[in-house]
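Q: Questions regarding the structure given below will be posed in turn.
The values are calculated or read from the model by the stated rules, or taken from the named source; none is laboratory data. Just so it is clear, the structure is predicted and the values come from calculations on it, not from any experiment. Every residue, glycine as well, gets a Cβ built from its backbone with ideal geometry; the counts of neighbours run over all protein chains shown. Only protein heavy atoms, including side chains, enter the accessible area calculation; ligands, DNA and RNA are left aside. Shrake-Rupley method; radii C 1.70, N 1.55, O 1.52, S 1.80 Å.
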Amino acid sequence: MATESDALDQKAAAELQVEIIPGTEVMTDVHGVRFAHAGGKESGSVLVPHPTNDLHDPLNWSRPWKYATAFTQLLYVWVLVCSALSIAPLFPLLGAYFHIGDQQLSLLTGVNVITLGFANILIVPLSNIFGRRPISIVFGFLVVLTNIWQALATSHTSFLAFRACNGLVAATSETIMVQVIADMFFLHERGTWMGLYFIFYFSGAFLGPIMSGNIAARHGWRSFFWLTVALAAFVTVLLIFFFPETKWRRDTANHAGVKDEETNTKTQKATVESEVSSQDLAGGAVVGGGKPSRAQYSLIQKIDPNWVRYIVRDLTTPVIVFFNPIVFWAALMLAGPADLLLLFNLTESPLFSSPAYRFNPGQVGYTNFAFFVGGIVGVATAGPFSDWLARRSTIRNNGIREAEMRLPALIPFVCFFIISNIVGAIGYQRLWPWEAIVVCGFGFSGLAVTSIPAISIAYAVDCYKPIAGEIMVVATVMKNVLGFCLSYWIFNLAQREGFLTVYMVQFAVDMLPVVLTIPLYLYGKKLRAWTRNSHIHRRDALL
């Protein structure tokens, strides 16, 4: 059955003679019909996805409810990433305690990174079956336990095992927030919220090392993990009180042009020949006036009756969409900046604690402020800039929005990304002044890692909204597999060839998807058209 949004899009498409496929949206009124945006303001823009008339629909929640829910989950993300990816300044202390070298120390991060990625293959179906809320809370308690075990570790083997377990349970930080964004926010809001997600995610990796380095320098390395125990317990309690369930079962995917071939033909004919009924147009009238129900605050959510199909679907879909050019490109655009950041993270302690700089763990930790400042600049500009650029392009295109309209926003951020790679390569090799490495290497890397993935993932989600969680699974698996491999080879290659070679290898990996952005901008709609009838666009309706 076609949705109200589908009917409106097809009517406007007939008038404007535009082909409507997933990722192409009608963002203007049809026959004078206007929908109110959240907050009650009238606008000529149609809300995508189209909300129901239920006050408890997360799309209809008021701004205070949405913000409280989103920021609770964002703080949860920050703490989980902070506990998982902040041990680089501790390397000298851990190396002395466990009697291990740089290569084994880097694997303490590498094994955490690889389990972070692959655990999401299970977390996504679990969150679809049991809900975002129960999975977040349960895994929050498990993070507390793994941090306790890390604080009590007495051997390298046990510590390595606990690092792997911590990655498994902290993996909810990598996909659930993306699902929440798709659950609660409209198309025109996603760029900003994806940017906020990435700043909270990566600032955990930015600010965590500052905390860990200074705490360890004064109180020993175990003290940092006891702090993460307290933080994880705190955010888990916050989830119980301020994070209602956002998963909402809809009749169809609410996506333009998403029907089987027979239904698509019939619906186009019907919607062009007849007016959209007043009842259909009523959808969205309560946007901004809703709130979560008591049931959405229950600790145990009703298990989806189609749970077997969810398991099969959510385990197979990431494998299938991995070969989708748009999803694969977005995954590489996340992996490149993230793994450059990881490269800086793994090498900062060996570089700055060397005789050339003689930084102590606390001073090494302070260099991560550059990542944080760059990340703030990235999130403050990337999401709003890509949304603004897409809006302007939509206006020039008679109110028809194409997903590719976001992509030109990548240009300035890619320039900073390139500079960061070059500064890392030459600065490390020639031992440049630490200010140049920290500001132009670390700082620009932080800017790139929050801006480039925010725009790229938002583009992929625009194209394939029903599989937002699976897109992040593919992206995080790609990012973390490459990151794990990175932890294996960087120090061996650096000892043989120097850091210039290390960073140039990373630069080559980073630039591949950047170059591919040009043909994607030109031919992205054709790629979307090839998959317009794919089951992934209507997968919820097929359950």
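Q: Any idea which residue in the range 61-93 is surrounded by the most Cβ atoms within 10 Å (Cβ to Cβ), counting only those that are among the aromatic types (F, W, Y) and touching a strand residue (DSSP E or B) at 6+ places or on another chain (Cβ under 8 Å)?
A: Looking only at the range 61-93, we keep the residues that are among the aromatic types (F, W, Y), and these are 61, 65, 67, 71, 76, 78, 91.
Checking which are touching a strand residue (DSSP E or B) at 6+ places or on another chain (Cβ under 8 Å) leaves us with 61, 65.
Details: W61: 27, W65: 18.
Looking at the filtered set, the residue picked out is W61.
Q: Here is a follow-up. Consider only pairs whose beta carbons are under 7 Å apart and that are at least six residues apart or on different chains; among these, list those whose first residue lies in the range 299-313 and is under 14 Å from L126 (Cβ atoms) and whose second residue is among the β-branched types (V, I, T) and open to solvent by less than 80 Å² (accessible area, probe 1.4 Å).
A: Close Cβ pairs (under 7 Å, with a partner that is among the β-branched types (V, I, T) and open to solvent by less than 80 Å² (accessible area, probe 1.4 Å)) amount to I303/I129; D304/I129; W307/I129; Y310/I129.
Q: Go over the candidates I467, I518 one by one and state the one that is in contact (Cβ under 8 Å) with a residue 60 or more places away in the chain and aliphatic (A, V, I, L, M). First the steps, then the outcome.
A: Values: I518 fails: in contact (Cβ under 8 Å) with a residue 60 or more places away in the chain.
Every option except I467 fails the conditions.
Q: Separate question: If you go through the range 250-258 one residue at a time, do you hit one that is at pLDDT 80 or above and surrounded by fewer than 12 Cβ atoms within 10 Å (Cβ to Cβ)?
A: Taking the range 250-258 first, the residues at pLDDT 80 or above are none.
Taking every residue of the range 250-258 in turn, none turns out to be at pLDDT 80 or above and surrounded by fewer than 12 Cβ atoms within 10 Å (Cβ to Cβ).
Residues are listed down the side, and each one gets a yes or a no for (1) open to solvent by 60 Å² or more (accessible area, probe 1.4 Å); (2) of a type in the set (S, T, N, Q); (3) more than 27 Å from D102 (Cα to Cα):
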{"site": "S349", "(1), (2), (3)": "no, yes, no"}
{"site": "P355", "(1), (2), (3)": "yes, no, no"}
{"site": "R358", "(1), (2), (3)": "yes, no, no"}
{"site": "G362", "(1), (2), (3)": "no, no, no"}
{"site": "F371", "(1), (2), (3)": "no, no, no"}
{"site": "G375", "(1), (2), (3)": "no, no, yes"}
{"site": "W388", "(1), (2), (3)": "yes, no, yes"}
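Q: Can you give me the ranges of the helices (runs of 4 or more DSSP H) entirely in the range 307-381 with at least 2 residues that are under 29 Å from H219 (Cα atoms)?
A: Values: elements: 307-321, 325-352, 361-366.
It comes to 325-352, 361-366.
Matching residues to (1) farther than 19 Å from A331 by Cβ; (2) open to solvent by less than 70 Å² (accessible area, probe 1.4 Å):
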site	(1), (2)
F484	no, yes
A494	yes, yes
F499	yes, yes
Q506	no, yes
D510	no, yes
P513	no, yes
L516	no, no
L522	yes, no
L527	no, yes
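Q: Got a sec? Which helices (runs of 4 or more DSSP H) wholly within the range 94-190 have at least 1 residues that are over 20 Å from W248 (Cα atoms) and open to solvent by 10 Å² or more (accessible area, probe 1.4 Å)? Walk me through it before giving the result.
A: Values: elements: 102-118, 120-130, 132-152, 156-170, 176-184.
Here the list reads 102-118, 120-130, 132-152, 156-170.
Q: If only one of T394, T450 is modelled with pLDDT under 95, in contact with a Pro (Cβ under 9 Å, 6 or more places away or on another chain) and either outside the structural domain of F91 (by the TED database) or among the charged types (D, E, K, R) (or both), which one is it?
A: On the way: T394 fails: in contact with a Pro (Cβ under 9 Å, 6 or more places away or on another chain).
After ruling out the rest, the residue left standing is T450.
Q: Quick check on P125: is it in contact (Cβ under 8 Å) with a residue 12 or more places away in the chain and closer than 30 Å to W61 by Cβ?
A: Values: in contact (Cβ under 8 Å) with a residue 12 or more places away in the chain: yes; closer than 30 Å to W61 by Cβ: yes.
When the stated conditions are applied, P125 passes them.
Q: In the range 449-465, is there at least one residue being outside any helix (DSSP H, G or I) and open to solvent by less than 10 Å² (accessible area, probe 1.4 Å)? If you could, list the steps in order and put the result at the bottom.
A: In the first step, residues of the range 449-465 are kept if they are outside any helix (DSSP H, G or I); the result is 464.
In the following step, the residues that additionally are open to solvent by less than 10 Å² (accessible area, probe 1.4 Å) were identified as 464.
Yes: one or more hits.
Q: Same structure, new question: Somewhere in the range 229-248, is a residue assigned to a helix (DSSP H, G or I) and charged (D, E, K, R)? Spell out how you get there, then give the answer.
A: Residues of the range 229-248 that are assigned to a helix (DSSP H, G or I), as a first pass: 229-242.
Going one step further and asking which of them are charged (D, E, K, R), we end up with none.
No, the range 229-248 has no match at all.
Q: Hey, does the range 209-222 have a residue that's under 15 Å from the mean Cα position of the chain (by Cα) and crowded, with 24+ Cβ neighbours inside 10 Å? If you could, list the steps in order and put the result at the bottom.
A: To start, the set of residues in the range 209-222 that are under 15 Å from the mean Cα position of the chain (by Cα) comprises none.
No, because not a single residue in the range 209-222 is under 15 Å from the mean Cα position of the chain (by Cα) and crowded, with 24+ Cβ neighbours inside 10 Å.
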